[in-house]
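The values are calculated or read from the model by the stated rules, or taken from the named source; none is laboratory data. For clarity, every value in this text was computed on a predicted model and none was experimentally measured. Cβ atoms come from the backbone with ideal geometry, glycine included; neighbour counts cover every protein chain shown. For accessibility, only protein heavy atoms count, side chains too; no ligands or nucleic acids. Shrake-Rupley method; radii C 1.70, N 1.55, O 1.52, S 1.80 Å.
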Amino acid sequence: MIAPATPKTFKVRIKRQDGRDQPAYWQEFEVERRPSQNIIAVLQQIAANPVTTAGEQVEPVVWDSGCLEEVCGSCTMVINGHVRQSCSALVPDLLEDADDNTITVEPMTKFPVVRDLFVDRQRMFDNLVKVKAWVPIDGTHDLGEGPKESPEKQQERYAISRCMTCGCCLEACPQFTLDNDFLGAQAIAQAYYFNEHETGKKLKGERLEALAGPGGVADCGNAQNCVKVCPKEIPLTEAIAKAGRQLTVHAVKKFFTGK
Amino acid sequence: MTAATTSAPVTTRPGAPKPKTRTSVAGPLSQHHFVLRRLHSLSGIVPVGLFVIGHLFTNAQMIWQDNGETFQHEVEFIHSIPALLFIEIALWSAIAFHAGLGLYYTFSGKGNVAAYSYGDNIRYSLQRWTGVIALVFIFFHIATLRWRWDILGLWDTPFYYKGYSVPGMEEQFPALANVPLSAPLTAYALQYSVWVALLYLVGVVAVVFHWSNGLWTAAISWGLTISTGAMKKWGYVCIGLFVALMVFFGAAFVGSLRYDFDAMTPQQKAATLFTVGDGQWAFDDKERLETDLASIGMEAVLLPPEDADETGAAGDERPIVEPSETPGVADDAADHGGDAAH
Ligand code: SF4
Ligand code: SF4
Ligand code: FES
């Protein structure tokens, strides 16, 4: 028996946009198959020869990437309708469950597009600032030894520390939209992460105030998409629930003590 | 990801336009955002939820085919609660608050089941849809059965109206005072049309799903179930509650649909006919109906469409029972449209 020969090329449909607030449009390219090709490699192949299937010579597609090993989060895109890192999205896997030998690549929809597949994830970093996701030491004087961390807490926090601010959780979240103010799973989880840090605890009250405000934890609708799409497998829903518990306790305390 | 600075300034990429000020909720709503959200959660679970449980349990008594006696007893118990009006107002306020804020929140999110068809995500969207369906259903249910609105003339289905029936009956027919009518009138409403029964089925499933799913998500929001395992276990409890409430509803539903109008007492029959107007279809055994009514000195006035004009009562469906020749049952039997006079 002879297996049908794997086609030597495949098609990539790319959603493009020339700049911020510009209209989006689709272009299709035919790309040669290569061993262990990922989407970044595909985009490089297109850049080397930016001619569409219609034979039109176009500008190379713009994208963002860094580490190429799924730790920086900058290459996140919507590939075949699903948000993920393009550096770890391998062509053979993608074609396996794609119809008509075509892969679609789009920019994330919850962040403003800078150009083509390159989005501006600034809101995530601004949100980290909003929830004061840091340990308050400024290094101006010697604080001595830090407080002890229990191994259990370390384990719990380690899982959350793997966040790479990629935005998958926000892209998949029905409550997070391009123009609302929801903090989203990423910032909520990081706020909880620093609340649980022995030194980071100092800002717990302020963080909880931020989490109680508009766009805070209460806006989560418990769809739990975030935890399913997070490439770092961060237990986001648990972190959200734990932040919710801290807020409940905080609110009750505040009610009775006025502080 | 560890940032170890005291104050990181909000940085903006060069050339990037200023981010739009994002506010999800206007003015006072945003100031008390957290409290409002938690009250929203609470208002759905406690007053509305507890009432619905009690209501479904009471209605489940319709399953006992005992001429509605058990059911009548439960209904009378509820109506004997002091300051019932106060409870009703409290319930309406809770529903209004929950629904108002809920609708607002519903439209602040954007469902994406098509792209991410996880079970939990479907649940998220269902929670929003069932909320809207529940709101429409509850309004319809109360407007027709409690306030006796005849919405668009489609469904004149009276229910427990000011005690036992429409105004005027007891003055007109003292013999019919205090006849237990809760069961027949409920059954009448459900048997009225398949569409009504279907509406109740969909409406109650929506209400019960919305409540039990809300109970599940509330446990996360309030921080009671903080581990995946706990969420799962609590999920089983919520599924159990869903099933239990659906069983109650099933009992009420089956009980209402199988309710035997023919087995009622003559007084119940007369009062039912008087109250529901064109309700003779509910009685299978027309002969028995006639003899029963005759035994208390009444007769059913059959109003076939072609005779309607001649009787002069086409526009006025009541009374559909009237005293037979026996004097003394009512003085003003001829005064058909006399409701207004009372
Ligand atoms: S649980 Fe759902 S609503 Fe909440 S942050 Fe995650 S995806 Fe968004
Ligand atoms: S929590 Fe996960 S999905 Fe969200 S930004 Fe961090 S790594 Fe990405
Ligand atoms: S390039 Fe860093 S995650 Fe893909």
TODO: Between beta-carbons, use under 14 Å as the cut-off and find the net charge around B:LEU215, counting Lys and Arg +1, Asp and Glu -1.
DONE: +2
Task: Alpha carbon Rg of segment A:122-257, scaled by the compact-globule rule 2.2 N^0.38 Å - done: 1.05
Open item on the list: Once you place label points 7 Å from the Cα toward the Cβ at A:ALA251 and A:GLU59, how far apart are they in nm?
Closed with: 4.8
Open item on the list: Using a Förster radius of 41 Å, what is the FRET efficiency between B:ALA177 and B:VAL243 based on their Cβ-Cβ separation? Nearest 0.05, please.
Closed with: 0.50
TODO: Compute the label zone of A:THR9 within segment A:36-50: residues whose backbone N is under 13 Å from the point 7 Å along Cα-to-Cβ.
DONE: A:46, A:49-50
- [ ] Work out how much length A:THR199 to A:SER150 would gain on full extension: take 0.36 nm times their residue separation and subtract the Cα-Cα distance, in nm to one decimal.
- [x] 16.3 nm
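Sum up the charges of everything whose Cβ sits under 12 Å from the Cβ of A:HIS82, counting Lys and Arg as +1 and Asp and Glu as -1, but leave A:HIS82 out.
-2
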Task: Accessible-area composition of chain A, carbon plus sulfur, in percent [1.4 Å probe] - done: 52
Task: Delta accessible area of at least 40 Å² on complex formation, residues of segment A:155-174, 1.4 Å probe, chain isolated as reference - done: A:PRO174
TODO: Any chance you could check segment A:109-129 for residues losing 50 Å² or more of accessible area when the partner protein chains are in, compared with the chain on its own (1.4 Å probe)?
DONE: A:GLN122, A:VAL129
Open item on the list: Need one number: nm distance between label points at B:LYS286 and B:SER93, each 7 Å from Cα along Cα→Cβ, rounded to one decimal.
Closed with: 5.3
Open item on the list: For q values of 0.13, 0.14, 0.17 Å⁻¹, compute log₁₀ I(q)/I(0) with the Debye formula on a Cα-only model of segment A:9-119, without solvent.
Closed with: -0.43, -0.50, -0.76
TODO: May I ask for the accessible area buried between chains A and B, both sides summed, probe 1.4 Å, to the nearest 100 Å²?
DONE: 4300
- [ ] Please list, in chain and number order, the residues 5+ apart from A:MET108 or on another chain whose amide H is under 5 Å from its amide H, with Hs placed from the backbone.
- [x] A:VAL78
Open item on the list: Given a 1.4 angstrom probe, what's the average accessible area per residue across segment A:169-259, in square angstrom?
Closed with: 34
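So what's the net charge close to A:THR52: Lys and Arg +1, Asp and Glu -1, counting the other residues with Cβ under 13 Å from its Cβ?
-1
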- [ ] Quick one: grab Rg to one decimal and Dmax as a whole number for segment A:55-148, Cα atoms only, in Å.
- [x] 19.4, 67
Open item on the list: Could you tell me the calculated FRET efficiency between B:SER295 and B:ILE78, based on Cβ-Cβ distance and R0 = 35 angstrom, to the nearest 0.05?
Closed with: 0.65
Task: Members of A:LYS232/A:LYS254; A:LYS148/A:LYS228; A:LYS201/A:LYS254; A:LYS228/A:LYS254; A:LYS202/B:LYS233 lying beyond 29 Å, as alpha-carbon distances in this model show - done: A:LYS232/A:LYS254; A:LYS148/A:LYS228; A:LYS228/A:LYS254; A:LYS202/B:LYS233
